[in-house]
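Let me begin by presenting the structure, written as structure tokens, before commenting on it.
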Amino acid sequence: MNQLKKSSNDLGPALTLMLLAPLLTEVLPGATRFSSIFVLPIEICVWGGGALLIRYAVRKRRLGWPGMLLLALALSLSEECIIQQTSLAPMVIHLKGEVYARAGGVNYVYLLWALIYESVFVVFLPICLVEMIFPARRQRLWISKGGFFAVIPLFLLGSFLAWFSWTRIARTKVFHVPVYTPPAIITLLSLALIAGLIFLALTRFKNNPPLSSITPPPSWVLLITGTLWATLLFGLVLLGFGIAPHFPPLAAIGGAILLFSAALFFVPKWSANPQWQHPQVFSLLFGTILGSMLISFVGFIDTGGPDLYFKIITNILAIILLLLLGGRKNLSLQNG
């Protein structure tokens, strides 16, 4: 704990995390394209600020991965139901021209995808990646208590700008759909769920007992596993956009639960094993990011010009930098 208090102002890792969270989530998969890169500062405040606040709380209160997961889900729910409301408002994209899996004012398959995707790519992957980049500072808080409270207004400002730019500008002027205001009962329920997740994370997951471990598979198996996992997850968002309007929503939900459950079961048990070292961590992380980047080129089939070139260039640069990171000598990455 003394190390946490003494070295709480590591701006390098903090700023890197704030940048990597939106890069992994939005830029590298092509959701934020060159033509819309002006929204990146907003994403840094929301995704990056949110990830940094979560990591501080987890490290400060020793919440472990269960607490981090609940806080990540709270952040995703905030984005989907309060900030941009993309899981509540009628979808602006219908790949086959039909509404898919919407009931009770919720795009429920899309929401399930968002909860999984944003938790992993906004919080878990960026934090893991930054801790690999700065291994000597892995146990530190990265920001002080004052820094924590300084990030909060940035997060709130970014959230407001994200809400306004998407719900009041992009939906009406880009996608030509009317402004949508979610029913008050759904908004209140969303706020209650967010508050409940935060409360559970901070009160029920402090000083978690050690996990039972499983010997991790070889690095090449982990790389393929991460790639396949990210690819299958991308299929879920395509279903949410209605690419197969007659595909049973219950089957989509079952597949999503299976994907998420597999990650929750295996990864914590692998990480608790002494053989879980730099090569294993890197292989799973690299495979997941690689799978996300490659499969998302599907969204560029009818796209050319600067947007496509930007994705190709950023993806190649990301692969090169990741490979350089993977080439580092083995580092002990046991949970502290």
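The values are calculated or read from the model by the stated rules, or taken from the named source; none is laboratory data. Remember, it's a predicted structure, so these values are computed and weren't measured experimentally. Neighbour counts run over all protein chains shown; Cβ positions are idealised from the backbone, glycine included. These accessible areas exclude ligands, DNA and RNA; they are computed on the full protein's heavy atoms, side chains included. Shrake-Rupley method; radii C 1.70, N 1.55, O 1.52, S 1.80 Å.
Over the residues of the chain, the helix contribution to mean residue ellipticity at 222 nm works out to -19000 deg cm²/dmol, using -39500 (n - 2.57) for each DSSP H run of at least 4. Look at where the Cα atoms of segment 166-192 and of segment 23-49 average out, and the two centres are 20 Å apart. Note on the chain: with a GNM built from Cα contacts shorter than 10 Å, the maximum mean-square fluctuation among Phe265, Phe205, Phe124 falls on Phe265. Modelled spin-label separation between Leu188 and Phe300, with each label point placed 7 Å from Cα along the Cα-to-Cβ direction: 4.6 nm. A Cα-only calculation for segment 203-336 places Rg and Dmax at 17.7, 52 Å.
In this label model, Ile312 and Tyr180 are separated by 3.5 nm, measuring between points 7 Å along each Cα→Cβ vector.
Over segment 179-312, with the other protein chains present, what is the accessible area per residue in square angstrom, probe 1.4 angstrom? It amounts to 52 Å² per residue over segment 179-312. Cα-based values for segment 1-92, radius of gyration first and Dmax second, are 15.0, 50 Å. The apolar share of the surface of segment 194-317, taken as the fraction of accessible area on carbon and sulfur atoms (1.4 Å probe, ligands and nucleic acids excluded), comes to 77 percent.
What is the gain in length, in nm to one decimal, between Val99 and Ile37 on full extension, counting 0.36 nm per residue of separation less the C-alpha to C-alpha distance? Intermediate values should be presented prior to the final figure.
Numbers: separation 62, 0.36 × 62 = 22.32 nm, distance 2.87 nm.
Extra length from Val99 to Ile37 when fully extended: 19.5 nm.
Could you do me a favour and compute the accessible area per residue for segment 1-128, 1.4 Å probe, result in Å²? Intermediate values should be presented prior to the final figure.
Working: 4510 Å² over 128 residues.
I get 35 Å² per residue for this part.
Considering only Ser292, Ser119, Ser212, the Gaussian network model of the chain with Cα springs below 10 Å gives its largest mean-square fluctuation to Ser212. Membrane-span-like helices in the chain, defined purely by DSSP H runs whose alpha carbon atoms cover 30 Å or more axially and whose average Kyte-Doolittle hydropathy reaches -1.0, are 219-240, 249-271, 305-326. For P(r) over Cα pairs in 20 Å bins from 0, in percent, the value computed from the atomic coordinates appears in the list [x] 29, 54, 17, 0; [y] 29, 49, 18, 3, 0; [z] 30, 62, 9 under label [z].
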